[in-house]
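A quick write-up on the structure given underneath.
The values are calculated or read from the model by the stated rules, or taken from the named source; none is laboratory data. Source: prediction; values computed, not measured. For neighbour counting, all protein chains shown are included, and Cβ atoms are generated from backbone atoms with ideal geometry for every residue, glycine included.
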Amino acid sequence: MKKSSDNRNYLYNNNSVTRRVEFSVIEKNVGKNNKIIDLGCGDGSLMQILSKNGNSCQGMEISQSGVDVCKKRGLNVVKGRIDTKLSFGNKKFDVAVCNVTIQMVMYPEILLAEMKRISKKQIITFPNFGFILNRIELIFYGVFPKWSIFGYGWYSTGHIHQLSIRDFIVYCKENNLKILKAEHVGPGGLIGILLKPVVEIFPNLFATMAIFVTE
């Protein structure tokens, strides 16, 4: 992926490979021999991983360059928005995945409702805006925290619906989404080593990312 000072329009090329720490967690929770839809699939890196173990994968992506790269890699991907009424039938998929994208769509509530409709199980991941360094940056510096927008500016990021782990749990309770499992990822480096013992105990405060499995 081409790095720029703006992450609202992702540009991918044929050499684009995305590596993210949560990929292995998602793969583990997807399992084997399932029919998967990856909503907001980017360059298809996650789909290539999930295609192993007998899984059948389909993707949907709004970036034309992402769609082009996926198709060149032989992946089944269509172009389109994921936060609108989708054309797939009820419970067409075993698992619907939305990886670090829900905070970037205009209508996250529609996306979640559609994921629930078209799949038996959902895997949703997102950056945790409640992370302690976000709170410190906002309280002491009075500026929008950059930890959850990966260093971009408040004006040049596609992260338009920041949410915390607690926000998501409340949403699930209010909208009849049963949480089957929740896993959490802490920050990297020395900070991550120091916080690792408390990430699972107080995830809303110390986790940088959440992975939820719902149905």
Would you confirm, using the coordinates I've provided, whether PHE88 is aromatic (Phe, Trp, Tyr) and outside any loop (DSSP other than H, G, I, E, B)? no
Residue among ILE49, ILE37 that is under 25 Å from MET209 (Cα atoms), modelled with pLDDT of 95 or more, part of a strand (DSSP E or B) and under 19 Å from the mean Cα position of the chain (by Cα): ILE37
Which numbered condition PHE88 fails, given (1) without any contact (Cβ under 8 Å) to a residue 60 or more places away in the chain; (2) closer than 19 Å to VAL30 by Cβ; (3) surrounded by 20 or more Cβ atoms within 10 Å (Cβ to Cβ): (3)
Enumeration of residues in region 76-85 that are crowded, with 21+ Cβ neighbours inside 10 Å and among the polar types (S, T, N, Q): none
Which one is surrounded by the fewest Cβ atoms within 10 Å (Cβ to Cβ), of the residues in region 141-184 that are modelled with pLDDT under 95 and aromatic (Phe, Trp, Tyr)? TYR155
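Suppose we keep only residues that are hydrophobic (A, V, I, L, M, F, W, C) and touching a His at 6+ places or on another chain (Cβ under 6 Å) within region 185-213. Which one would you say is surrounded by the most Cβ atoms within 10 Å (Cβ to Cβ)?
Here the answer is ALA207.
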Could you identify the single residue in ILE62, ILE118 that is among the hydrophobic types (A, V, I, L, M, F, W, C) and in contact with a Leu (Cβ under 8 Å, 6 or more places away or on another chain)? ILE118
Can you find a residue in region 1-17 that is crowded, with 19+ Cβ neighbours inside 10 Å, modelled with pLDDT of 95 or more and of a type in the set (A, V, I, L, M)? no
With (1) surrounded by fewer than 16 Cβ atoms within 10 Å (Cβ to Cβ); (2) out of contact with any Ser or Thr (no Cβ under 9 Å at 6 or more places or on another chain); (3) of a type outside the set (Phe, Trp, Tyr) as the list, and LEU50 as the residue in question, which single condition is left unmet? (1)
Count of residues meeting criterion [out of contact with any Ser or Thr (no Cβ under 8 Å at 6 or more places or on another chain) and either exposed (fewer than 14 other Cβ atoms within 10 Å of the Cβ) or in a strand (DSSP E or B) (or both)] in region 53-75: 10
